[in-house]
Amino acid sequence: MLGCDLSGVHSLAGYRELITDYANANPGNEWIKGAGWYGDVFDGGFPHRALLDEIVPDRPVFLISHDAHGAWTNSYALDLAGITDDTPNPDGGIIARDAHGKATGMLIEHAADLVSSLIPDPDEEHIRRALLTAQTYLHSLGVTAWQDAAVGLALGMPDAFEHYLALESDGLLTATVTGALWWHRDQGLGQLDLFKDRRAQAKGRFQATAVKIMVDGVCENLTAALSRPYKGHPHEFGMTLIEPEELAHIARAIDKAAFDLHLHAVGDQAVHDCVSALNLPRRPGWDPRHQIAHLDLVDPADVEMFAATGAIANIQPLWARLDPVLVETKLPYLDDAHQLVHFAFDTLRRAGVQLAIGSDWPVSSPDPLWGIHTAVNRTAPPADPHASDARSRTEPLLPAEAMTLDTALAAYTTGSARANRLDKERGSLQVGMTADLVVLDADPYAVEASALGEIGVDLTFAGGQVVFSRSNDSALPALFGQ
């Protein structure tokens, strides 16, 4: 939000204007950094360095995709990193090339590290301002707690751990945050000592009780791990970032250390590997909150085993719609059978899998009402700029997988509270619970399902204190002052 933010538009002309304006407004910035672009805007689903070379020829540009699985760079940045047409793909990454073998400026997965590692770290004040900006924005949407799924040096971003602690020490952290400590594939189980030390330090509003592991990528760039080849790519099964036996070994060690696992798994092969790894022995006194996140494709044969593990399905319902991103850059790579199990959320619920809903922001909007709208309707909310076409808003994706309003609200509140180990104090309206409350401008049960995404937030309370008010009425704290 403090950089070149492309997330509010969905067109090549819009990207050109935002990048141009940002570069002109920040002539002293050594790098032009930002995020939020969508692949379907570009021919073939991937950006090219030519446009960035035209707009910013004299400084390196590094723009992360909205899903954080790729980066769009200019020639200046490639040259700084020593990336040529002949540079081999790094482990866990792909340097995109055109039909003539020339590097296009698109860096997929860990190939982006070749450039991001050169970017100077932001200073402490910048990170502090970024966290406070994000907190204010989330409170305005009724969000009082979240899990930060990338605490550590991850995805080209700085480590926020010490900054969360500092904000809490200064009384500025009004949200409750669960940190998922980032697992580095090349550091092995030796990381657990650091994780334990961080968990011991974070005991208040900010707690560090989870470990985040990336198991695969995403379907749009053919890096999600599939059990069958991608359609039209008979030899491409995606990318398994951690082999099944190693993943199971890591999962056992993390579980034994009493951390909750947060596993990123998009493709059905990755989901299978995660479900298998979470088939862990139960221990007296240990109530794990392990979760598998995203679950774009789940093999029906794995659903029963998923439920048996007791693991939580961390789902992002806003993705479950026929928007241009899905229709143009994802579905063409999936065979018919895979398309029939696409975001099969209600199938998981019926099998007894516990659900927790999140947004994966900034991959997609963190607005819970937008997520509830799509969970219930399997169509896009009316105001979403990334789904402005009629099909996105009227034709449901696999309508049999739609949730009831009760299920969606529960997954956003009690379900997510449980996933974050907050369920003894937050997530439900009961005597003695912490007053994390949201006042909406309409009753979700009184409006048509098609209008759920139009509901807004009037008030947000965190710990009984007003942290957002649409009206900015100074008398509002008195509501909870007696």
(message) Show the residue pairs meeting these rules: Cβ distance below 8 Å; 6+ apart or different chains; first residue within segment 121-148 and outside the structural domain of Ala356 (by TED's automatic domain parsing) and within 14 Å of Val177 (Cβ to Cβ); second residue polar (S, T, N, Q) and at pLDDT below 95.
(response) none
(message) Just to be sure I understand the filter: pairs with C-beta atoms under 8 Å, separated by 6 or more residues or on different chains, first member in segment 401-414 and assigned by TED's automatic domain parsing to the domain that holds Ala375, second member part of a helix (DSSP H, G or I) and among the basic types (Lys, Arg). Which pairs pass?
(response) Met403/Arg349; Thr407/Arg349
(message) Of everything in segment 282-326, what is more than 30 Å from Ser392 (Cβ to Cβ), at pLDDT 95 or above and charged (D, E, K, R)? Give them in sequence order.
(response) Asp287, Arg289, Glu304
(message) Restricting to segment 442-482, count the residues that are within 22 Å of Thr379 (Cα to Cα), acidic (Asp, Glu) and either at pLDDT below 95 or surrounded by 11 or more Cβ atoms within 10 Å (Cβ to Cβ) (or both).
(response) 1
(message) Filter segment 199-215 down to the residues that are within 23 Å of Glu246 (Cβ to Cβ), among the hydrophobic types (A, V, I, L, M, F, W, C) and in a strand (DSSP E or B) and list them by number.
(response) Ala210, Val211, Ile213, Met214
(request) Could you list all residues from segment 425-453 that are farther than 17 Å from Tyr412 by Cβ, in contact (Cβ under 8 Å) with a residue 40 or more places away in the chain and either in contact with an Asp or Glu (Cβ under 8 Å, 6 or more places away or on another chain) or outside any loop (DSSP other than H, G, I, E, B) (or both)? (result) Ser450
(request) Have a look at Asp43, Asp86 and point out the one that is among the charged types (D, E, K, R), free of Cβ contacts under 8 Å to residues at least 24 places away in the same chain and under 30 Å from Asp389 (Cβ atoms). (result) Asp43
(request) Please tell me if Ala180 is surrounded by fewer than 19 Cβ atoms within 10 Å (Cβ to Cβ) and hydrophobic (A, V, I, L, M, F, W, C). (result) no
(request) Collect the residues in segment 98-137 that are among the acidic types (Asp, Glu) and farther than 22 Å from Val363 by Cβ, keeping them in residue-number order. (result) Asp98, Asp121, Asp123, Glu124, Glu125
(message) Given the criteria surrounded by fewer than 20 Cβ atoms within 10 Å (Cβ to Cβ), assigned by TED's automatic domain parsing to the domain that holds Thr223, in a loop (DSSP other than H, G, I, E, B) and in contact with a helix residue (DSSP H, G or I) (Cβ under 7 Å, 6 or more places away or on another chain), does Leu189 qualify?
(response) no
(message) I'm trying to understand the selection: among the residues of segment 196-246, which are closer than 24 Å to Val325 by Cα and aromatic (Phe, Trp, Tyr)?
(response) Tyr230, Phe237
(message) Let me confirm something: among Ala375, Ala383, which residue is buried (at least 23 other Cβ atoms within 10 Å of the Cβ), farther than 25 Å from His249 by Cβ and either among the aromatic types (Phe, Trp, Tyr) or not assigned by TED's automatic domain parsing to the domain that holds Gly45 (or both)?
(response) Ala375
(message) Of the conditions (1) closer than 25 Å to Ala130 by Cβ; (2) over 27 Å from the mean Cα position of the chain (by Cα); (3) free of Cβ contacts under 8 Å to residues at least 24 places away in the same chain, Leu18 satisfies every one except a single condition; which number is it?
(response) (2)
(request) Within segment 335-354, identify whether any single residue is touching an Asp or Glu at 6+ places or on another chain (Cβ under 6 Å) and under 25 Å from Ser11 (Cα atoms), and answer yes or no. (result) no
(request) Report yes if Ala402 is surrounded by fewer than 23 Cβ atoms within 10 Å (Cβ to Cβ), among the small types (Gly, Ala, Ser) and in contact with a helix residue (DSSP H, G or I) (Cβ under 8 Å, 6 or more places away or on another chain), otherwise no. (result) yes
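Within the bounds of segment 163-172, is there any residue that is in a strand (DSSP E or B) and more than 30 Å from Leu440 (Cβ to Cβ)?
No; the residues of segment 163-172 include none that is in a strand (DSSP E or B) and more than 30 Å from Leu440 (Cβ to Cβ).
The values are calculated or read from the model by the stated rules, or taken from the named source; none is laboratory data. Quantities reported herein were computed from a predicted structural model and do not represent experimental measurements. Using ideal geometry, Cβ is built from the backbone for each residue, glycine included, and neighbour counts are taken over all protein chains shown.
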